[in-house]
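Throughout, read-outs are computed from the coordinates displayed, never taken from laboratory work. Everything numeric here is computed off the predicted structure, so don't read it as measured data. Note that we place each Cβ from the backbone using ideal geometry, even for glycine, and neighbour counts take in every protein chain shown.
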């Protein structure tokens, strides 16, 4: 019988882990530089938490056996869990709170991409208690800094606004609205024209399809529409956000000093009012970052503003601002593989400590521990096949790219040999 991992799961070998750690470490560097602190929430959640606010499709959740009469599931994302934690455990802290996470999530294979994969690795941030345009700008600029620190330079940031999109879809009936949303999300003009609409609504739907492109062009087109005061306010927020992001990135591009790493270009921004995120709790800015068409337009991350989600977990049900994003580690890994930036091998040990006789085993372990006690990281492994020939030991060390051998004799003293 051949034992394999369950369908939708996979094992990560040491090189996979080293490459994954490289990505996660560089993201954590950025998160921490911006003042964010790591939070770890439970992998298992009560289904009521996951379903709160209608944020998550129940079909996406991998359910577990009920405990004490409560239905349980594996988290399919982190935002709802962090919102629950913030309300129940961080009620008395000062705001804004800047939190980041690095964790796995689980989704039913029918809802998952990547060939039925059910376990995914994510890293992301949540900024809680800040609702102004400058908070939106912080999250967008933080995302850009993450991409820069990963040495990614071929991508596009797509911005949208859930409130604005909902307002523009308001003239349609609920059934029409769903069909129009699906056609817009897939940029399917044929499907849009096939929907049973009045000529006026057909034209309105086609106008929405064209609300995608250079931010200034889209904002100018929006200015030609008869918009209510709330909708106009959303347009002004988007306009202010785009201007602020461009101003900051232009300053960084000119100075090349605000973040370590060298040159950076102004970001490729697209404004897309058909942008619809998979979770329904977004109330304002939404965005995603995708690779270039040459790289398959793969989604590397997404996020947005969710000012009503935290209120769901409060008895008063009051709104409370929140915004964040998530980066998909697997997508980043696939994008970075051809670039040569990822580790190409696992780190070799620095020393192979070899007891030449059984009586030298204790001295070998002691000497190896002395090496490991260095202020800088030193990898030292003890050779366990004591009777092996020296030539075979040297061949093994060279195969593993170990540069030094410490031969420990019967007297417990090391004889150091450097390998070419």
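Side notes on the structure shown:
- The chain - share of DSSP beta bridges that are antiparallel (%, nearest 5): 80 percent
- Candidate values (i) 5, 22, 31, 26, 13, 3, 0, 0; (ii) 4, 17, 24, 22, 15, 9, 5, 3, 1, 0; (iii) 4, 12, 15, 20, 18, 13, 9, 6, 3, 0 were compared with P(r) over Cα pairs in 10 Å bins from 0, in percent computed on the shown model; the agreeing label is (ii).
- Label-to-label distance, nm, for residues given as residue 25 and residue 295 (7 Å Cα→Cβ offset): 2.1 nm
- Contact order for the stretch 51-147, expressed relative to its length and based on alpha carbon pairs under 8 Å spaced 6+ residues apart, stands at 24 percent.
- FRET efficiency for residue 177 and residue 251, using Cβ-Cβ distance with R0 set to 30 Å, rounded to 0.05: 0.15
- Extension gain, residue 38 back to residue 240 (0.36 nm per residue minus Cα-Cα distance, nm): 69.7 nm
- The stretch 351-418 shape via C-alpha gyration tensor axes, a/c threshold 1.5: oblate
- Put in order of Cβ neighbour count within 10 Å, fewest first, the listed residues 155, 22 become 22, 155.
- Label-to-label distance for residue 396 and residue 58 is 5.7 nm, based on points extended 7 Å past Cα in the beta-carbon direction.
- Between 0 and 90°, nearest 10: helix 199-209 axis offset from the chain longest Cα axis: 30 degrees
- Going from the fewest other Cβ atoms within 10 Å to the most, the residues 287, 172 appear in the order 172, 287.
- Cβ-derived FRET efficiency at R0 41 Å, residue 388 paired with residue 10, nearest 0.05: 0.70
- Helix axis angle, 79-89 relative to the chain longest principal axis, alpha carbon, degrees: 80 degrees
- Inter-site label distance for residue 378 and residue 217 at 7 Å from Cα along Cβ, in nm: 6.2 nm
- Angle in degrees between helix 229-255 and the longest Cα principal axis of the chain, rounded to the nearest 10: 40 degrees
- Separation of the stretch 35-77 from the stretch 159-221 is 33 Å, based on Cα centroids.
- When each of 306, 3, 101 is scored by the number of other beta-carbon atoms lying within 10 Å, the sequence from fewest to most is 3, 101, 306.
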